[in-house]
Amino acid sequence: MPRKRPVVGVIGNTAMLNDTYAVHAGGVMNSAAIAEVTGALPLLIPADPRFVSVEDLLETCDGFLLTGGRPNVHPEEYGEEPTAAHGDFDRGRDAIVLPLVRACVERGQPFFGVCRGFQEVNVAMGGTLYPEIRDLPGRMNHRMPPDGTIEEKFALRHTVKFTEGGVFHQLLGAVEVMTNTLHGQGIKTPGQRIVIDGYAPDGTPEAIYVKDAPGFTLSVQWHPEYNAGKDPVSRPLFAAFGAAVREWQAGGRG
């Protein structure tokens, strides 16, 4: 008998608990969005090749949420040298998620990229990143406010305008929406087959998908997992991802 709920692998981040104890962590709001809106079983993935393989994950999960996280994709993954502006890294996550994205694109297995996950999709497809968006002429500061409550940090802060008639416009029923913004890096050059389908007012790419991919590949630079059940932009994104995951569970495997 098939499982009642599909399984979504929620990519975890390496962190230090109390500055001494290494953990793999995932935000509760990610699990809530998957369980309550996508309708799937959230499974936290320790994204480190010492513990899991891409092959294991592809067979265990029906889809993947590529979460945000403080560490950035290492610039060596797109042919550049690291600098202080590139911030912290998680090479274990790089080693798992970048080939995982490419495998999912080929197989048609669904994934939804968020913030760092959005950047991972671009890098996995051969693209590059700016280390610090706010240092570019004419760009706004997209980083999370350093102070305030969670509600204040995840508050809606700028618009995103989609391609008229494009994938995001059709899904959300609007050509322009309001989003939060909590990121420092952003797309410099898009990877092969990466379609930029939405931009912030300052020209920063905010919504992408992989052209001609057989499965769900939507990814966003903002954090739709916050208030996902009620936000009119977030809910349709997670609902569409859930439909794709259930379709994979029902017959897409193999």
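The values are calculated or read from the model by the stated rules, or taken from the named source; none is laboratory data. Everything quoted here is computed from the prediction, not taken from an experiment. Every residue, glycine as well, gets a Cβ built from its backbone with ideal geometry; the counts of neighbours run over all protein chains shown. Heavy atoms of the whole protein, side chains included, go into the accessibility calculation; ligands, DNA and RNA do not. Shrake-Rupley method; radii C 1.70, N 1.55, O 1.52, S 1.80 Å.
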Do you know which residues across segment 198-229 are among the acidic types (D, E) and surrounded by 22 or more Cβ atoms within 10 Å (Cβ to Cβ)? E206, E225
Would segment 132-145 turn up any residue that is modelled with pLDDT of 95 or more and part of a helix (DSSP H, G or I)? no
All-but-one check, A32 against (1) under 18 Å from G229 (Cα atoms); (2) at pLDDT below 95, failing number (2)
Selection count where residues are in contact with a Ser or Thr (Cβ under 7 Å, 6 or more places away or on another chain) and not in a loop (DSSP other than H, G, I, E, B), scope segment 67-92: 2
Within segment 188-195, does at least one residue satisfy the condition of being assigned to a loop (DSSP other than H, G, I, E, B), more than 16 Å from the chain's Cα centre (by Cα) and farther than 20 Å from A244 by Cβ? yes
So, in segment 169-196, of the ones that are in contact with a helix residue (DSSP H, G or I) (Cβ under 7 Å, 6 or more places away or on another chain) and farther than 17 Å from L129 by Cβ, which residue ends up least open to solvent (accessible area, probe 1.4 Å)? L172
Contacts under 6 angstrom Cβ, first residue in segment 217-245 being acidic (D, E), partner in a strand (DSSP E or B), 6 or more apart: none
So N30 passes all but one of these: (1) touching a Phe, Trp or Tyr at 6+ places or on another chain (Cβ under 9 Å); (2) closer than 27 Å to A213 by Cβ; (3) not aliphatic (A, V, I, L, M); (4) not in a strand (DSSP E or B). Which condition number does it fail? (1)
